Amino acid sequence: MLAARLRRLLPVAALLLALPSACSEGGGAGSGAGAGTQGDVAWPLHGRTETAQRFAELDQINRETVSRLGLAWAYDLETDRGQETTPIMVDGVLYVASAYNVVHAIDARTGKALWTYDPDVRAASARSCCGPVSRGVAVAGGRVYMGVLDGRLIALDAKSGKPVWETQTIDQSGPFAVNYTITGAPRVIKGNVVIGNGGAEFGVRGYVSAYDAATGKLSWRFYTVPGKPGEKDNSASDAALAKVQASWAGEWWRYGGGGTAWDAIEYDPELDLIYIGTGNGSPWNPAMRSDGKGDNLFLSSIVALRASTGEYVWHFQQVPGDSWDYTATQNIILADMEIGGKARKVLMQAPKNGFFYILDRATGEFLSATAYVPQNWAKSIDPKTGRPDIVPEARYYLTGKPHFQFPSSGGGHNWPPMAFSPRTGLVYIPAQDVGMPFGPNPTEDQVIGAYTSGVAMSGGGAMSAADRKALYDSMKARLIAWDPVARKPRWTSEQAAPFNGGLLATAGGLVFGGNAEGRLVAYDDETGKPLWSFDAQTGIVAPPISYRIDGVQYIAVMAGWGGGWPLTGGVMALKAGKTIGPNRLLVFRLDGTGKLPPFTPADPLPYPDVVDKGTPAQIAQGDALFARFCLRCHGSGAVSAGAYPDLRRTGLLGTRGFSQVVLGGALAELGMPKFAGKLTPAQVGAIEAWLVRRSLEDRRLEQLEGRKAAP
Ligand code: CA
């Protein structure tokens, strides 16, 4: 059994390369005064430019030529753990961060490997709520900067891949030292490397830090929530947090409070403002976090900071007293547009809470919020202040009753970035329409370092089988072409299942995006009509980019199904079909003739022969413990939709090997953490008893009804 598992984790088959000949370049990339002198076009920043619009001003690949688009080359990433990176392309080199923060520098024209760098963070991977993923690196001044899962910020020499400096961004003596993680891409702003962190589900206090790009010395730090009253941070945030401390109650600092800035960080050089999107409260349940009182600033907010000092300039809170993991960390886009007859410098965001926000980015003035997906948590948004009128039923911590709510904690839109086309004036949003029940779990004791939301959950989901089936059947996802001025969709494209890839818009009249089914698709940016697609052999969540070298336009995307939904969604995340496959960087050009080697997904392992000896008390305990310690990787209901072992089918069940792995760390090298000190042998026994029950339940279902992991 173990051997079979190990084999599945080994590197996948090598790729096939088939480069088109140099003279077959399509789209007028010949010599002479025209296209031939076109300079190279880089993708130098996370969102391509400082506006972060993810718009490529390239049109060789367009609505007329896109049918000729083909694979130029593929670069095998030798992992199946998921890819979220936006590649950076400068000076003819692509820089990507694969799972476990392994950086690859690749010739952007040929796909030839130049160097790789492995920071060896496998032991820290269980800190991440949502897989050992990275959303990318920053490249500036001949250096590559990356924040890694264990909290380090590392500077590499861009030519050699050798480390230049590294610094630990997390206070190792602090109470939450091992609970932070970094999955977001750093930004280089005015000579500083700015980086946030994640971990609010494990009990942390959010902050962003700026380090001198040359030396790695801390320039400033801004905490997003207040610390223990009476204790100063001596940080850029001190004055601002003193003013908002009254928006908190109880003993939030014991759990950190949350507010982690784990993704969106953008910069307007003209205004000299950095925009930070902040996350949810820690724990989600405000009764535990803040005695159920207060707005809890700066949770679920966009905060504008002075770039050189990190000082507070303005903030806008989307969700006062967040209770549903409604982060405001989703990508932020800057644009200049006319709103209500007035020219405005705006920022736009489609955060988890289901409303599309437009703010004046100079002042923070609220301009509009419009629901872009169905939602039932807010009656309305005050048109003057932007404050939501929250429906009483949504406050489960006051009513004591669960509320079946839309959007779910996964959001109407999550981290896969939206894109804006100045050509059409539309924002393209990879959106989803999924609900979930939120109810209090007042008995959940706080274990810092375990997944702790204070919201009722269980390994099987806190839902009846009928509710689960209804949710499964009703889950939707759509690519929305959103008109921010008219505040409504221009068109939508229905997707097969939730959690699809980030998007790219181009001057060729196209929108590119991967999906949960494992295809990269090009859509007409004005109609939504799919014009081209490619079988990537794995679900895609990362956003594509585009660049031009030697007159040839390329489209590049990291292919690899991973991250929060694939890992945790269980049977819900299987709706698109199981889409685990070889992870690769895929690069396309007109008349590319490359082919991927054939891929056949491995058959699931057979169910082990196990005997159900669990007592009702053990089963209930195991269910709850699984939800807090195991579900983040092994899936709701122990149904694995990601690359991790499906524990209903592990041959370790009923053997001594089970506790050797869980408590003893026997598979630590493969990224399975050691839980000694966090779980007792009796608790591990309860988890195993529950897994045996789940294994037998689903085995019986398959035998009786011939169906697999039904909702
Ligand atoms: Ca969260």
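Expressed as a fraction of 2.2 N^0.38 Å, the rule-of-thumb size for a compact globular protein of N residues, what is the C-alpha radius of gyration of the range 568-664?
Here the Cα radius of gyration is 1.44 times the empirical estimate.
Where Rh is the Kirkwood radius over the Cα pairs of the chain, the temperature 37 °C and the viscosity 0.692 mPa s, what D in µm²/s does Stokes-Einstein return?
129 µm²/s
Please report, in debye to the nearest 20, how large the charge dipole of the range 616-705 is about its Cα centre when each Lys and Arg carries +1 at its beta carbon and each Asp and Glu carries -1 there.
Dipole of the range 616-705, to the nearest 20 debye: 220 debye.
Measure out, as a whole number of angstrom, how far apart the alpha-carbon centroids of the range 197-271 and the range 364-421 sit.
The range 197-271 and the range 364-421 have Cα centres spaced 24 Å from each other.
Would you work out which of S493, I276, L503 lies farthest towards the positive end of the dipole of the chain? Charges go on Cβ: Lys and Arg +1, Asp and Glu -1.
Among S493, I276, L503, the one farthest towards the positive end of the dipole of the chain is S493.
Once whole DSSP H runs in the chain are found, which of them have Cα atoms spread over 27 Å or more along the helix axis and a mean Kyte-Doolittle score of at least -1.0?
681-705
Round to the nearest 0.05 the FRET efficiency obtained for D233 and D91 when R0 = 35 Å and r is the Cβ-Cβ distance.
E between D233 and D91, to the nearest 0.05, is 0.35.
I'd like the distance separating the alpha-carbon centroids of the range 476-521 and the range 614-671, in whole Å.
The distance from the Cα centre of the range 476-521 to that of the range 614-671 comes to 36 Å.
Would you kindly give the portion of the calculated P(r) for the range 616-705 that falls above 19 Å, as a percent of all Cα pairs?
For the range 616-705, the share of Cα pairs beyond 19 Å comes to 35 percent.
Could you compute Rg(Cα) / (2.2 N^0.38 Å) for the range 288-447, with N its residue count?
Taking the Cα Rg and dividing by 2.2 N^0.38 Å, one obtains 1.09.
Starting from the Cα of A123, step 7 Å along the direction of its Cβ; do the same at S160; then give the gap between the two resulting points in nm.
2.7 nm
Could you put I540, I381, I333, I687 in order, starting from the residue whose Cβ has the fewest other Cβ atoms within 10 Å?
Ordered from fewest to most neighbouring Cβ atoms within 10 Å, I540, I381, I333, I687 come out as I381, I333, I687, I540.
Please work out the C-alpha center-to-center distance from the range 132-194 to the range 57-118 and express it in whole Å.
21 Å
Binning every alpha carbon pair distance of the range 202-307 at 10 Å from zero, what are the percents per bin?
Values per bin, smallest distances first: 15, 47, 29, 8, 1.
Every number here is computed from the coordinates shown, using simple stated rules; none is lab data. As the structure is a computational prediction, the values presented were derived from the model and not from experiment. Note that we place each Cβ from the backbone using ideal geometry, even for glycine, and neighbour counts take in every protein chain shown.
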